[in-house]
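Worksheet: one structure, shown below.
Read-outs: derived from the displayed coordinates by stated rules, not from any lab. For clarity, every value in this text was computed on a predicted model and none was experimentally measured. Cβ placement follows ideal geometry from the backbone for every residue including glycine, while neighbour counts extend to all protein chains displayed.
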Amino acid sequence: MDKNVMLFHYDYDEDILFFYSKEKHEYDVSEFLTNLIVLDFDENKFPIGIEILHASEVLNTEKHFLKNIENGEIAIEINEDKIKLKLSLIISVYQKDTTLPISVIGANKSQIPSIQTEIALTTT
């Protein structure tokens, strides 16, 4: 399996969007990029998961549209003091593809080693 592919799940009731690695990893640490966006890392300090709390608010869309995520991309860039996350989701809104972008920068409090990676999102 490709470690640069993540699956996703939207919890409609809790309004939480989860992205998680297709591979099995040993969780190590989480970094809160904001109070609503969390990035999880494995024992090798590779990104293995993302949680977006209050996802409809963060993505500025209605909750029911988040049930229609088709695919997307994640770009993560980490240096010694910052973590940059860029997320682009493609959702279906009234049978038309719409892009929902997020760009956020957080502190690298856990001293995650520098990395630059792109991750594809898929439903399978």
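Take Asp11 and Thr98, extend 7 Å from each Cα along the Cα→Cβ direction, and tell me the distance between the two endpoints in nm.
2.4 nm
Please list, ordered by chain and number, the residues whose modelled amide H lies under 5 Å from the amide H of Ile48; skip anything fewer than 5 residues away on the same chain.
Result for Ile48 returns Asp40, Phe41, Asp42.
When the chain is fully extended, how far beyond the present Cα-Cα distance does Val38 get from Gln116, taking 0.36 nm per residue of separation? All intermediate terms of the calculation are to be shown ahead of the outcome.
Working: separation 78, 0.36 × 78 = 28.08 nm, distance 1.75 nm.
That pair, Val38 and Gln116, stretches by 26.3 nm at full extension.
Hey, which aspartates and glutamates would be in cross-link range of Lys109, C-alpha to C-alpha under 17 Å, not counting anything within fewer than 8 residues on its own chain?
Cα-Cα hits under 17 Å: Asp28, Glu31, Asp40, Asp42, Glu43, Glu77, Glu80, Asp81.
Once amide H atoms are placed 1.01 Å from N in the peptide plane, what residues at a sequence separation of 5 or more from Asn108, or on another chain, have their amide H within under 5 Å of its amide H?
When sequence neighbours closer than 5 places are left aside, the close amide H contacts are Lys82, Ile83.
Can you say what percent of the DSSP beta bridges in the chain, counting only those with both residues inside, are antiparallel? Round to 5. Numbers along the way, then the final one.
Working: 49 of 52 bridges.
Around 95 percent antiparallel, to the nearest 5.
What is the Cα centroid distance between region 1-41 and region 62-124, reported in whole angstrom?
A separation of 10 Å, based on Cα centres.
Stretch Asn79-His64 to full length: gain in nm at 0.36 nm per residue minus the Cα-Cα span? Walk me through the numbers before you get to the answer.
Values: separation 15, 0.36 × 15 = 5.40 nm, distance 3.59 nm.
So the extension gain works out to 1.8 nm.
Which value, in debye to the nearest 20, describes the size of the charge dipole of the chain about its Cα centre when Lys and Arg Cβ atoms bear +1, Asp and Glu Cβ atoms bear -1, and nothing else is charged?
On the way: 11 positive and 22 negative charges, 58 e Å.
With only Lys, Arg, Asp and Glu charged at Cβ, the dipole is about 280 debye.
Would you compute, from DSSP H runs of 4+ residues alone, the mean residue ellipticity of the chain at 222 nm, taking -39500 (n - 2.57) per run and dividing by the full residue count, rounded to the nearest 500?
Values: 1 runs with 4 residues, N = 124.
Value at 222 nm, helices only: -500 deg cm²/dmol.
Along the positive direction of the dipole of region 2-53 (beta-carbon charges: Lys, Arg +1; Asp, Glu -1; about the Cα centre), which of Asn44, Phe8, Thr34 reaches farthest?
Asn44
Grab the other residues whose beta carbon is less than 14 angstrom from that of Thr98, score K and R as +1, D and E as -1, and report the net.
Working: positive: Lys67, Lys96; negative: Glu62, Glu70, Asp97.
Neighbour charge sum, excluding Thr98 itself: -1.
Explain nothing, just compute: Karplus ³J(HN,Hα) = 6.51 cos²θ - 1.76 cosθ + 1.60, θ = phi - 60°, for every residue of region 89-94 in order, whole Hz, x for Gly and Pro.
Once θ is set to phi - 60°, the couplings for region 89-94 become 10, 9, 10, 9, 10, 6 Hz.
Among rounded, prolate and oblate, which fits the chain when a ≥ b ≥ c are the square roots of the eigenvalues of its C-alpha gyration tensor, a/c under 1.5 means rounded, and a/b larger than b/c means prolate? Please list the in-between numbers first.
Values: a/c = 1.86, a/b = 1.56, b/c = 1.20.
Taking the square roots of the gyration eigenvalues as a ≥ b ≥ c, the chain is prolate.
Could you calculate the FRET efficiency of Ile105 with Phe18 from 1/(1 + (r/R0)^6), where r is the beta carbon distance between them and R0 is 35 Å, rounded to 0.05? Walk me through the numbers on the way to the answer.
Details: r = 21 Å, r/R0 = 0.61.
About 0.95, to the nearest 0.05.
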